[in-house]
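Note sheet for the following structure.
The values are calculated or read from the model by the stated rules, or taken from the named source; none is laboratory data. Nothing here was measured: the structure is a model prediction, and the numbers come from that model. Ideal geometry is used to build each Cβ from the backbone, glycine not excepted, and the neighbour counts take in all protein chains shown. Ligands, DNA and RNA are stripped out before the accessible areas are found, and what is left, the full protein with its side chains, is counted by its heavy atoms. Shrake-Rupley method; radii C 1.70, N 1.55, O 1.52, S 1.80 Å.
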Amino acid sequence: MVHHLSPRDARRVAVRAQLLGRSRPTDALATVRHLTLLQMDLTAYVAPNADLVLWSRLGSGYAPQVLDDLLESRALVEVQGMLRPAEDVALFRAEMDAWPGPGPLTDWQESLEHWVEANRACRDDILTRLRSEGPLPARELPDTCVVPWRSSGWTNSKNVQKLLDLMEARGEVAVSSRENRERNWDLAERVYPAVEALPVAEARIERDRRRLVALGIARATATQPPGEPNHVGAAGEEAVVDGVRGTWRVDPALLDVAAEGRTALLSPLDRLVFDRKRISEVFGFDYTLEMYKPAASRRWGYFALPVLHGDRLVGKVDAQSDLDAGLLRVHAVHWDDEPSGAMRDGVERELRSLAAMVGVDLRVE
């Protein structure tokens, strides 16, 4: 069966899937279980991404201590830069065991395998140190690599950090906690729960299914970004969206479900807007994260927050948390079109809530 959707239908499915309707969730852990992940990005220009995502859903019922408690209790664990429900490690365990890949290896995978093998002694030193001393940051672990890591990027010669990242992919170490943006590493067996690995093929199908439940509507295949994919394989059912080329996959459980929308301020890394191609095609929304652009080239701001109103993305808020001054400074609200009174009131209400979550006062400049 092929579902024929209007762009508005598709937008409503996406908004409902991301728990951004008028009826807010009340439980942070259940919210993460539904969304499947929180991206662990510590850019705190407004607030860390994980806090922004949870606050956007739970509203005034959320405080950052809630996330801290979930991490401390190990209800959530970090898996390669994503916070996930601890039980979901079962969906990644088989790939960890088969690292660098379960099938024919690419040249890049082979080069990683060879580099780790060449530095086996350093890997063993790290494991021994963690086993005896417990969680440690990378700077306190020995660099006994005999073959340095070469890269044109920021990891060049950061041997221990690169080796830890690959050991995490192998399921040998895991991030135990973070302090002042720095990761503390420990043996994975002390961080991850003892779960039975789902076979690779089954795990990938299940991850696709859960991703579609969280996204509502997505492409079957898409360019692979760093981290979590935007595609969902054969999950759900086929759909076409009026005026948009190609086919989609949709979660049929979200079709024909009445739900009222609301106003929400979103992190630039929020999964509703993370797939910039999807928000352009379905929402008609133009957005780029401009933190990497020179200040003079920015249209909306360093870390502008997309504005959701009902089923439409209608603008961007240029805001910044100034913790020293105890302020959330709102430099500008960039509306895509002339806003209604409800839009303005909704943004003001959300900004006051956001300031309270951060623990500062609101100042519109």
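Just a few scattered comments:
- Using the Cβ-Cβ distance between residue 2 and residue 324 with R0 set to 56 Å, the FRET efficiency works out to roughly 0.50.
- Put a dot 7 Å past the Cα of residue 189, heading toward its Cβ, do the same for residue 157, and the two dots end up 3.7 nm apart.
- Averaged per residue, the chain has 47 square angstrom of accessible surface, using a 1.4 angstrom probe with ligands and nucleic acids left out.
- Segment 133-194: chymotrypsin sites (Phe, Trp or Tyr not before Pro) in DSSP loop, at most 12 other beta carbons within 10 Å: 154
- Under 15 Å from the residue 292 label point (7 Å along Cα→beta-carbon), backbone N, segment 134-167: 152-155
- Protein accessible area in the chain, 1.4 Å probe - carbon and sulfur %: 49
- Mean Cα-pair separation over length for the chain, i.e. relative contact order, pairs under 8 Å, 6 or more apart, %: 19
- 0 to 90° range, to nearest 10: angle between helix 107-118 axis and the chain longest Cα axis: 40
- Of the trypsin sites (Lys or Arg not before Pro) in segment 1-103, those whose Cβ has at most 14 other Cβ within 10 Å and which sit in DSSP loop: 22, 74
- Checking every one of the trypsin sites (Lys or Arg not before Pro) in segment 127-224 against DSSP loop status and a limit of 11 other Cβ atoms within 10 Å picks out 150, 181.
- For the chain, the longest principal axis of the C-alpha atoms and the axis of helix 7-17 are separated by about 50°.
- Fully extending the segment from residue 107 to residue 361, taken as 0.36 nm per residue of separation minus the present Cα-Cα distance, adds 86.2 nm.
- Calculated FRET value between residue 201 and residue 277, using beta carbons and R₀ = 25 Å, to 0.05: 0.35
- Note on the chain: with charges restricted to the Cβ of Lys and Arg (+1) and Asp and Glu (-1), its dipole about the Cα centre is near 660 debye.
- The accessible-area ordering, largest first, of the residues 157, 321 stands as 157, 321, per a 1.4 angstrom probe.
- Separation between Cα centres of segment 1-54 and segment 121-174, rounded to whole Å: 34
- Length added when fully stretched, residue 139-residue 180, from 0.36 nm per residue minus Cα-Cα: 13.4 nm
- Calculated mean residue ellipticity at 222 nm for the chain: -10500 deg cm²/dmol, from DSSP H runs with n ≥ 4 weighted as -39500 (n - 2.57), summed, divided by the residue count and rounded to 500.
- Think of the chain as having a plus end and a minus end, set by charges on the Cβ of Lys, Arg, Asp and Glu; of 233, 55, 263, 263 sits farthest toward the positive end of this dipole.
- Cα-based helix-to-principal-axis angle, 341-358 vs the chain, degrees rounded to 10: 30
- A Förster distance of 22 Å, applied to the separation of the beta-carbon atoms of residue 209 and residue 87, puts the FRET efficiency at 0.90.
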